[in-house]
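**Student:** Below you'll find the structure I mean.
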Amino acid sequence: FVACVIVLVAACAGDPAREGVPAEVSAGTVEELKKALQQVLDSVVTKHGGNAALQLGWKSASAEFALAAGVVPQPGVPSSVPRPTTVNDTFLFGSGTKPYTASAVMALRDQGLLSLDDALEVHVDPVLAKLKPGTSLRGLFGEAAAHITVGHTVRMQSGVQDFDVPTFDNLLLRANETYRVHSPVEFVEYASTQKPSLICAPGTCVSYSSNNFVLAGFVLLAHANVTDWWDLDLPSLFPAQGQLFFSGSHFFQRENLQKRLTVPGHTGGGWAKTPPVLIWNQSSTILGWTCGNMEMKHFVPLNKGWAAGSIQYGTGLMIESMAYTPGRPPTLPDWGTYIGHGGDTYGFLSEQGIVSGLNASLSIVANQDTDGGIVQQEAFCQSIVVAAKVLLGKTLSFPCRSRRREGPPTRSPATAEQVWIV
């Protein structure tokens, strides 16, 4: 695992010209950094106990390495002794996939196959009708859906409701549902049953909804020249050079998770109040399909929904901060801010991005989601603090402790869960 989930958002990481970041870091300092970050992971695992497992990836101009902590149980093997987590284990990354989907949409734009100002229905209605005859964007979301553009989907501006709500989450985890194949149309259909079906006129609000990236997946499918939705090969939509960065990733389609997943996830409770479930051998389609994103020209604060005011959203990327101040959206290059994307899917939490001040890409994933702060508010925050101290001698003061979130986090079962990393 070498943080390849953030390689697309790490294009500017490793620029030695960034103020305050040494152009070169000695081997001894790198080892000191690794030791300090390992201590962070170990302390978080000790606090959460049980079968907690974490993985960390770091990439900068002077260093690239991976670390792991915790233990991995062996599902289905009674009385088995859990083994240590390794840097070669695979986890689910949830909405960390969104930058990839947005990048693929932008690649189609660069090829002249679409414009971000195109009406979304022009691209997705033929796909919807093929997947479920009689289905159309307006049929699902009303006449106002005619004003949704391709660009609205990757900027969270369509107004389409999310499928990621407790009732739907719990439905997908039922024993008679969690092992069968679910079409991505199901996720969009469920959102269309909520009232109102559009929470704002398209383009007039910025509200986090993973269904935006399911719809973006339909755009990709329209140009992919494949017969079935599960045949969509996301890496193939990138230029040849870009495809090289996918060597450590896999995008699930409809196979069972255990064919690729080496670390079981633990879900239960949390904001969705799901029952305790081991995430291991379910159909990967409960995760959704193509939640991806990238390309950072313009960021606008989320102004509607669970994270209004606390996150800025661009074309598939977020600006987040360890030091959120009410009424002031996170702003680069403040210390504690980073550009990337978090992920919260069944049994897994992750954060990844380019960290301001450190000129480095950082990615951390955990195999549990009951405590929503285990990654961002504990492991990720503490990693920024110790890295600033080791690399720059700078002392930061952030509230690096778990603060349970009141609303849905940056989760995206639809396709976010499509990525595992080695």
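**Student:** Give the carbon-plus-sulfur fraction of the accessible surface of the range 194-255 in %, rounded to a whole number; probe 1.4 Å, heavy atoms of protein chains only.
**Tutor:** Of all accessible area on the range 194-255, carbon and sulfur atoms account for 51 percent.
**Student:** Please report, as a whole percent, how much of the solvent-accessible surface of the range 50-192 comes from carbon and sulfur atoms (probe radius 1.4 Å).
**Tutor:** Of the solvent-accessible surface of the range 50-192, carbon and sulfur hold 53 percent.
**Student:** Now, a different point. With a probe of 1.4 Å, find how much accessible area the range 145-262 has per residue, and write the answer as a whole number in Å².
**Tutor:** So the range 145-262 comes to 39 Å² accessible per residue, rounded to a whole number.
**Student:** Another question about this same structure. Could you run the Karplus curve 6.51 cos²θ - 1.76 cosθ + 1.60 with θ = phi - 60° over the range 136-144 and give me ³J(HN,Hα) per residue in whole Hz, x for Gly and Pro?
**Tutor:** The phi angles translate into 8, 5, 5, x, 7, 10, x, 4, 5 Hz.
**Student:** In the neighborhood of Tyr338, defined by Cβ-to-Cβ distances under 9 Å, what is the net charge if each Lys or Arg adds +1 and each Asp or Glu adds -1?
**Tutor:** After counting each charged neighbour, the total is -2.
**Student:** List the aspartates and glutamates whose Cα lies under 20 Å from the Cα of Lys130, skipping any in the same chain that are fewer than 8 positions away.
**Tutor:** Result set, ordered by chain and number: Glu121, Glu186, Glu189, Asp228, Asp231, Asp233.
The values are calculated or read from the model by the stated rules, or taken from the named source; none is laboratory data. This is a predicted model, so every value here is computed, not measured. Virtual Cβ from ideal backbone geometry, glycine too; neighbours counted across all protein chains shown. Side chains included, ligands, DNA and RNA excluded: accessible areas come from the protein's heavy atoms. Shrake-Rupley method; radii C 1.70, N 1.55, O 1.52, S 1.80 Å.
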